[in-house]
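Okay, structure first, notes after.
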Amino acid sequence: MELLETTDPEKKRLIEATDRHKYELQREVKAISDKTENAVKNVLIIGGTLVLTYLLVSQLGGGKKET
């Protein structure tokens, strides 16, 4: 990368700082993505469990009651 081959120490320091910020931002985005993925999985599991419970109760509860 030509930018890192500069002789200006200030420019080199700024480029290194930019790289550190970029790396930290990528880490934070990955952490948020992982947490979101886990939350979605939990929602799907809970939703599926509720649907199965509803179907099971409605099947075992029988049909309409006649009076």
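Points worth noting:
- Count - residues of region 4-19 that are in a helix (DSSP H, G or I) and surrounded by 10 or more Cβ atoms within 10 Å (Cβ to Cβ): 10
- Taken over region 2-53, the criterion of being more than 26 Å from the chain's Cα centre (by Cα) and polar (S, T, N, Q) is satisfied by THR6, THR7, THR53.
- Number of residues in region 52-66 that are in a helix (DSSP H, G or I) and surrounded by fewer than 10 Cβ atoms within 10 Å (Cβ to Cβ): the value is 3.
Each reported figure results from applying straightforward, stated rules to the coordinates on display, with no laboratory input. If you're wondering where the values come from, they're calculated on a predicted model, not measured in any experiment. Cβ sites come from the backbone with ideal geometry, for glycine too, and all protein chains shown count toward neighbours.
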